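Participant: Here you go, one structure.
The values are calculated or read from the model by the stated rules, or taken from the named source; none is laboratory data. The structure displayed is predicted, hence computed values, not measured ones. Backbone-built Cβ (ideal geometry, glycine too); neighbour counts: all protein chains shown. Heads up: the accessible areas ignore ligands, DNA and RNA and are worked out on the full protein's heavy atoms, side chains in. Shrake-Rupley method; radii C 1.70, N 1.55, O 1.52, S 1.80 Å.
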Amino acid sequence: MEVLRDARSGFIAYVPEGSIKKGSTLVMTGGGKTTRCTICHGADLMGLGPIPGLAGRSPSYLVRQLYDMQHGLRTGEWASLMLPVVSKLTTDDMLAIAAYLAFLDPSTSSTTARK
């Protein structure tokens, strides 16, 4: 399914079939590999206080952040808290998480997919 979510962006991110569903499982439950994102980033994934929102973010940005955190390249005040969360994720897991989060509509107050 092609969704143009940002008219200013000149590209569409294509992901392998099933990525959004797999990402939903990882984000909402942890999928037995990690901590569910909603614990810290809020039930609607819009962020809590200094913890950033994830819904609707660029998939390339999300993958880069996850990768950098996993490899110790992020050194911000809160980055160390993410290390145990991302330590067991594969590159495919990160792609699936990013696909699901990018697919969410940040203008709604719930984890609703874009139309």
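Participant: Looking at (1) crowded, with 19+ Cβ neighbours inside 10 Å; (2) in contact with a Ser or Thr (Cβ under 6 Å, 6 or more places away or on another chain), which one does ASP105 not meet, given that it meets all the others?
Facilitator: (1)
Participant: To continue, here is another question. Are there any pairs with C-beta distances below 6 angstrom linking a residue in the range 14-37 that is at negative phi to a residue that is hydroxyl-bearing (Ser, Thr, Tyr) and surrounded by 15 or more Cβ atoms within 10 Å (Cβ to Cβ), with the two at least 6 apart or on different chains, and if so which?
Facilitator: Going by the 6 Å Cβ cut-off, the qualifying pairs are ILE20/TYR100; GLY23/TYR100; SER24/TYR100; VAL27/TYR100.
Participant: Give just the number: which of (1) at negative phi; (2) surrounded by 12 or more Cβ atoms within 10 Å (Cβ to Cβ) does PRO50 not satisfy?
Facilitator: Answer for PRO50: the failing condition is (2).
Participant: Moving to a separate point now. Under 8 Å between Cβ atoms, at least 6 apart or on separate chains: pull out the pairs that start in the range 70-86 with a residue that is more than 16 Å from ARG36 (Cβ to Cβ) and open to solvent by 90 Å² or more (accessible area, probe 1.4 Å) and end on any residue that is assigned to a loop (DSSP other than H, G, I, E, B) and of a type outside the set (Gly, Ala, Ser).
Facilitator: Here the result reads TRP78/PRO50, each pair linking the range 70-86 to a residue that is assigned to a loop (DSSP other than H, G, I, E, B) and of a type outside the set (Gly, Ala, Ser).
Participant: Give the residues of the range 10-52 that are over 17 Å from MET94 (Cα atoms) and of a type in the set (A, V, I, L, M, F, W, C), sorted by residue number.
Facilitator: Residues satisfying the conditions are PHE11, ILE12, ILE39, CYS40, ALA43, MET46, LEU48, ILE51.
Participant: Another question, then. Of LEU54, LEU62, which residue is in a helix (DSSP H, G or I), out of contact with any Asp or Glu (no Cβ under 9 Å at 6 or more places or on another chain) and not aromatic (Phe, Trp, Tyr)? Lay out the reasoning, then the answer.
Facilitator: Working: LEU54 fails: in a helix (DSSP H, G or I).
Only one candidate passes the filter, namely LEU62.
Participant: Going by what's in this entry, would SER24 be described as among the hydroxyl-bearing types (Ser, Thr, Tyr), open to solvent by 40 Å² or more (accessible area, probe 1.4 Å) and assigned to a helix (DSSP H, G or I)?
Facilitator: Working: among the hydroxyl-bearing types (Ser, Thr, Tyr): yes; open to solvent by 40 Å² or more (accessible area, probe 1.4 Å): no; assigned to a helix (DSSP H, G or I): yes.
The answer is no for SER24.
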